[in-house]
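All remarks here apply to the structure that follows.
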Amino acid sequence: MAVDTPLIPRKTSLRQQAINLLRGALKPLYWWYEKRLEAEVRHGHVPRHLGMILDGNRRFARELGLAGHEGHEFGVQKAYEVLEWCLELKIPTVTIWVFSTDNFNRSQVEVETLMNLFVKEARRMAQDPRIHANEVRVKVIGRHDRFPPKVLQALEELEEATKHHEGMLLNIAMGYGGREEIVDAVKSLLLEAARTGKSPDELAAELDMEHISERLYTAGVPDPDFIIRTSGEIRLSGFLLWQAAYSEYYFFDAFWPAFRRVDFLRAIRAYQGRERRFGK
């Protein structure tokens, strides 16, 4: 159970000590509230497909006076926690956005640090007993032409290690951009038309939304019912741009590494209380 306690031991002021004492006194009440919230959520419907934008690792690190890479490492550990929460609720499909195409524009040092982190965590996940015990199948989606070979190899090994699992599908969006995904789908259509000798007029006459959907990175997976973004940013930034037409959204103020189980349960409860109209 996640509790609001400092992640790094520090010398504390009298005020902070008083706050810590108060938190300790309230811990039983917090535990009771979380259990009650969990029971409420378990009696409702859960998303078939949950999308999550994992935002705020660097800002989290800055607030704690840590290096940026430490924020990313905390973010990775939080992703494992949230995956367990999703498994507890039996959510069939989860898509997490961990690295966008725009993130390649960050400093060379940060990008290289992230690449090394991706390699380490992909190999760790491929061997993680929790992944195999829960039959989690991992699929990595996005454009991967800019990733170094060591990253591509680690990601391929992760997909290979889980390809026969029949439990939750975990899509990890890396090198992902929503506009790029749609462009790639259209390119696929055009290339197929060229191979079959179809004229532009013939392609235009028969083109419909399903032709695009079938060529997206998430082809064959239900569109996301619910999307959560952390860090207080109220935008999608192109995440699952095509698929999210009728998704419900939940924007949470805390940075990703500070996202608690009670926050997750509150978000799911909020989703359960909404009426999805699908444009009607």
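A compact table of results
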read-out	value
Within segment 137-171, tally of residues that are among the hydrophobic types (A, V, I, L, M, F, W, C), touching a helix residue (DSSP H, G or I) at 6+ places or on another chain (Cβ under 6 Å) and under 18 Å from HIS49 (Cα atoms)	2
Residue ID - nearest to SER213 (Cα to Cα), chosen from residues in segment 224-271 that are polar (S, T, N, Q) and surrounded by 16 or more Cβ atoms within 10 Å (Cβ to Cβ)	GLN243
Residues that are under 16 Å from the mean Cα position of the chain (by Cα) and touching a residue at least 60 places away in the same chain (Cβ under 8 Å), drawn from segment 244-264	ALA244, SER247, ALA254, PHE255, TRP256, PRO257, ALA258, PHE259, ARG260, ARG261, PHE264
Positions within segment 239-280 being more than 18 Å from ARG48 (Cβ to Cβ), among the charged types (D, E, K, R) and part of a loop (DSSP other than H, G, I, E, B), in sequence order	ASP253, ARG260, LYS280
Residue that is farther than 20 Å from TYR80 by Cα, in the same structural domain as HIS72 (by the TED database) and of a type in the set (Asp, Glu), where the choices are ASP145, ASP128, ASP201	ASP145
Within segment 113-199, helices (runs of 4 or more DSSP H) holding 1 or more residues that are modelled with pLDDT under 95	178-196
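The rows are residues; the columns are (1) under 16 Å from SER100 (Cα atoms); (2) touching a residue at least 60 places away in the same chain (Cβ under 8 Å); (3) in contact with a His (Cβ under 9 Å, 6 or more places away or on another chain).
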{"site": "GLU112", "(1), (2), (3)": "yes, no, no"}
{"site": "ALA154", "(1), (2), (3)": "no, no, no"}
{"site": "ILE172", "(1), (2), (3)": "yes, yes, no"}
{"site": "VAL183", "(1), (2), (3)": "yes, no, no"}
{"site": "SER188", "(1), (2), (3)": "no, no, no"}
{"site": "LYS198", "(1), (2), (3)": "no, no, no"}
{"site": "GLU202", "(1), (2), (3)": "no, no, no"}
{"site": "ASP208", "(1), (2), (3)": "no, no, no"}
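The values are calculated or read from the model by the stated rules, or taken from the named source; none is laboratory data. Note that the structure is a prediction, hence the values are computed from the model and not measured. Because the Cβ atoms are built from the backbone with ideal geometry, glycine has one as well, and the counts that use them run over all protein chains shown.
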